[in-house]
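Participant: Structure in C-alpha cells, see below.
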Amino acid sequence: FFDAVTGKVLNKNGMEAVEDDKDGQNFPWRQLSLAEIMGNVLVRGEGGNPVEEVEREEALRGKFVALYFSATWCGPCEIFTPKLRRLYESVARRQKEGGAVSFEVVFVSKDRDEAEFKEYLRKMP
C-alpha cells in the first residue's frame, strides 16, 4: 500500500495486513516507527541479568543498533548468539579505545515466558 499523493510506501506486506486486520480497524496499515514498536523503555542487562529499565532514546542515541530476534528454543540462534557476543565485545573494546563506532544490540525475545527470557539473556552481549 502507498500514498497516491506522496508516493510514500505505507506497508510493504499488504497481504499480511489484511489477514491481521480483516475489518480494517487499523487501515491504512502504515509502517510503525521504531518508537511505536519498541516503546520508550528498554531493560538493560549486565552479566546476563536484567539490571534496570532505561529510556530507549537516551540509551541508543548516537549508536548503531542491531535488533536481535532470538529465543532459547531457536537452534540456529544458539549457534549465532556466541558469534554476535564476540563481535559486540570486540567492537565495545575498540570503542573504549577510541577506535570504533558505538554499537548496541537490542535483544527482542521470542521466548515463551520470563524464565526463558532471563535464561537466554545470560548469553546476550
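Participant: So which lysines can Lys96 reach, going by Cα to Cα under 16 Å and dropping same-chain residues fewer than 8 places off?
Facilitator: Lys63
Participant: Right, another one. Just from its helices, what would the mean residue ellipticity at 222 nm be for the chain, if runs of 4 or more DSSP H residues each count -39500 (n - 2.57) and the sum is divided by every residue, rounded to the nearest 500 deg cm²/dmol?
Facilitator: -11000 deg cm²/dmol
Participant: Once R0 is set to 22 Å, what does the formula 1/(1 + (r/R0)^6) return for the Cβ-Cβ distance between Ser90 and Leu67, expressed as a FRET efficiency to the nearest 0.05?
Facilitator: FRET efficiency, Ser90 to Leu67: 0.65.
Participant: Quick one, which of (1) 95; (2) 135; (3) 162 is the actual volume of the Cα convex hull per residue in Å³ calculated for this model?
Facilitator: Here the calculated entry is (3).
Participant: Indicate, rounded to the nearest 5 percent, the antiparallel portion of the DSSP beta bridges found entirely in the stretch 23-124.
Facilitator: Around 45 percent antiparallel, to the nearest 5.
Participant: Can you tell me the orientation of helix 75-96 relative to the chain, as the angle in degrees between its alpha-carbon axis and the longest Cα principal axis, to the nearest 10?
Facilitator: 70
Participant: Can I ask one more? Could you name the lysines whose alpha carbon sits less than 21 Å from that of Lys22, not counting residues in the same chain fewer than 8 places away?
Facilitator: Lys12
Readers should treat all values here as calculations from the given coordinates under stated rules, not as data from a laboratory. Since the structure is predicted, the reported quantities are computational estimates derived from the model, not experimental observations. Virtual Cβ from ideal backbone geometry, glycine too; neighbours counted across all protein chains shown.
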